[in-house]
Amino acid sequence: ALSARDSRAPVVLRSYSPPLYSCLPGDNRCVSESAEEVLLRAIEAFNRSEIFATGRPPPEVREMFVDEPLIVPIRAALEDVRYEGPTALDDWAAALRESWADIRIEADEAREVAPGRAIATGHMHVIGRETGVELRQPFGCVADVRAGRLARMRIFADKGMAEEAAVL
């Protein structure tokens, strides 16, 4: 069962990929993390967060994203829903909290598919807010990283769909 969030350590298997080194014009810092590393750190921060208790992304999750990210959740497969702009994280967190009492992501595989783009696949363990029903479902996430932060994140309930989206 999924209970105390702080008692769980996310399971993340990493594959090696060389880091992406790029300095962007006007940016004082040089990005030395690969997109894969940024995505895995974001998953770990999400798993440690209290997003489901508060309905708001904590600073450690917020700092992983650009100021105006694009987030395309699993629901986008059924409904035309996406979160973008300065309120994207807050809107996404509120939607998650409305439906789920908890979500834990286990990334079984992660890799960089192009400079600045990574994919992570594995499973999500979720608990329904109203029903309390626990599910384990496939998970795929494709993320575009800019200056060491997530600029676009697309989440899928199918590894194949995530793989296809990763190369588009």
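The values are calculated or read from the model by the stated rules, or taken from the named source; none is laboratory data. Since this is a predicted model, take the numbers as computed values, not measurements. Virtual Cβ from ideal backbone geometry, glycine too; neighbours counted across all protein chains shown. The protein model used for the area step is the full one, side chains on, heavy atoms only, and it has no ligands, DNA or RNA in it. Shrake-Rupley method; radii C 1.70, N 1.55, O 1.52, S 1.80 Å.
Annotations
- Within region 142-161, the set of residues being in contact with a helix residue (DSSP H, G or I) (Cβ under 6 Å, 6 or more places away or on another chain), over 12 Å from residue 36 (Cα atoms) and among the aliphatic types (A, V, I, L, M) comprises 155, 157.
- Those residues of region 92-101 which are surrounded by fewer than 16 Cβ atoms within 10 Å (Cβ to Cβ) and touching a strand residue (DSSP E or B) at 6+ places or on another chain (Cβ under 9 Å), in sequence order: 99
- Helices (runs of 4 or more DSSP H) within region 30-88 that include 3 or more residues out of contact with any helix residue (DSSP H, G or I) (no Cβ under 7 Å at 6 or more places or on another chain), of a type in the set (A, V, I, L, M) and open to solvent by less than 10 Å² (accessible area, probe 1.4 Å): 35-48
- Applying the criterion of being more than 17 Å from residue 155 (Cβ to Cβ) and hydrophobic (A, V, I, L, M, F, W, C) to the residues of region 102-130, the residue that is surrounded by the fewest Cβ atoms within 10 Å (Cβ to Cβ) is 114.
- Residue match in region 69-77 (condition: modelled with pLDDT of 90 or more and farther than 23 Å from residue 135 by Cα): yes
- The set of residues in region 63-78 being under 18 Å from residue 36 (Cα atoms) and either out of contact with any strand residue (DSSP E or B) (no Cβ under 7 Å at 6 or more places or on another chain) or of a type in the set (Asp, Glu) (or both) consists of 63 alone.
- Every listed requirement among (1) under 20 Å from residue 163 (Cβ atoms); (2) assigned to a strand (DSSP E or B) is met by residue 104 save one, (1).
- Top-ranked residue of region 155-164 - restricted to ones that are in contact (Cβ under 8 Å) with a residue 40 or more places away in the chain and open to solvent by less than 40 Å² (accessible area, probe 1.4 Å), ranked as nearest to residue 72 (Cα to Cα): 155
- Filter result (within 18 Å of residue 95 (Cβ to Cβ), touching a strand residue (DSSP E or B) at 6+ places or on another chain (Cβ under 6 Å) and either among the polar types (S, T, N, Q) or open to solvent by less than 70 Å² (accessible area, probe 1.4 Å) (or both)) within region 131-151: 137, 139, 141, 150
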